[in-house]
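**Q** Structure provided below as structure tokens; questions to follow.
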Amino acid sequence: MATIIGGNADRPANIHTFAAIADTTGSSAMVECDGQVISSFEKITGGQITYALQGSMNGTDWANLDDTKTKDVGNHIHSYNGYAVRYLRLNVTANSAGRSITMTVCCD
């Protein structure tokens, strides 16, 4: 069973940080989301990375919540409104040695 975030009056209980994805492509572990307003904060180090926040209803079939993003080193914030998905995950599709991304999501 995935960790459930969202639906709590206490904001810190609505926040989850995925394990960093470094030097490779792939997906994070999924987290269960209770809410329809999702914000993400990404920290990218080492160079440009291509990634997307994905949602799922069943934990098996995934779709991007927005267009795939290619971002350079730095901190980036995105907001996704009106998505009633059960699960979230980070999916990295382009990455190289010495580069990493850490994503934190808030679900309300």
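**Q** Which residues, counting only those in the range 88-103, are in contact with a strand residue (DSSP E or B) (Cβ under 8 Å, 6 or more places away or on another chain) and either farther than 24 Å from residue 60 by Cβ or modelled with pLDDT under 95 (or both)? Give the steps one after another, and end with the answer.
**A** Of the residues in the range 88-103, the ones in contact with a strand residue (DSSP E or B) (Cβ under 8 Å, 6 or more places away or on another chain) are 88-95, 99-103.
Of everything in the range 88-103, those that are in contact with a strand residue (DSSP E or B) (Cβ under 8 Å, 6 or more places away or on another chain) and either farther than 24 Å from residue 60 by Cβ or modelled with pLDDT under 95 (or both) turn out to be 99, 100, 102.
**Q** Which ones in the range 22-33 are surrounded by 14 or more Cβ atoms within 10 Å (Cβ to Cβ), under 19 Å from residue 63 (Cβ atoms) and either touching a Gly at 6+ places or on another chain (Cβ under 8 Å) or of a type outside the set (S, T, N, Q) (or both)? Outline the logic, then answer.
**A** Within the range 22-33, the first condition is being surrounded by 14 or more Cβ atoms within 10 Å (Cβ to Cβ), and the residues that meet it are 22, 25, 27-28, 30-33.
After this cut, where a residue has to be under 19 Å from residue 63 (Cβ atoms) as well, the list is 25, 27-28, 30-33.
Residues satisfying the conditions are 30, 31, 32, 33.
**Q** Considering (1) in a strand (DSSP E or B); (2) at pLDDT 95 or above, say which one residue 32 fails and leave the rest.
**A** Residue 32 satisfies every listed condition except (2).
**Q** Starting from residues that are outside any strand (DSSP E or B) and in contact (Cβ under 8 Å) with a residue 24 or more places away in the chain, keep the ones in the range 9-18 and report whichever is nearest to residue 61 (Cα to Cα).
**A** Across the range 9-18, the extreme among qualifying residues is 18.
**Q** Further question: Does the range 32-48 include one or more residues that are of a type in the set (Asp, Glu) and more than 12 Å from the chain's Cα centre (by Cα)?
**A** We begin by selecting, within the range 32-48, every residue of a type in the set (Asp, Glu); these are 32, 34, 42.
With the extra rule that they be more than 12 Å from the chain's Cα centre (by Cα), the set shrinks to 34.
For the range 32-48, residues of a type in the set (Asp, Glu) and more than 12 Å from the chain's Cα centre (by Cα): present.
**Q** Of the numbered conditions (1) part of a loop (DSSP other than H, G, I, E, B); (2) more than 17 Å from residue 16 (Cβ to Cβ); (3) not hydrophobic (A, V, I, L, M, F, W, C), residue 50 fails exactly one; give the number of that condition.
**A** Looking at each condition in turn, residue 50 falls short on (1).
The values are calculated or read from the model by the stated rules, or taken from the named source; none is laboratory data. Remember, predicted model here, so these are calculated numbers, not experimental data. Glycine also receives a Cβ, built like all others from the backbone with ideal geometry; neighbour counts cover every protein chain displayed.
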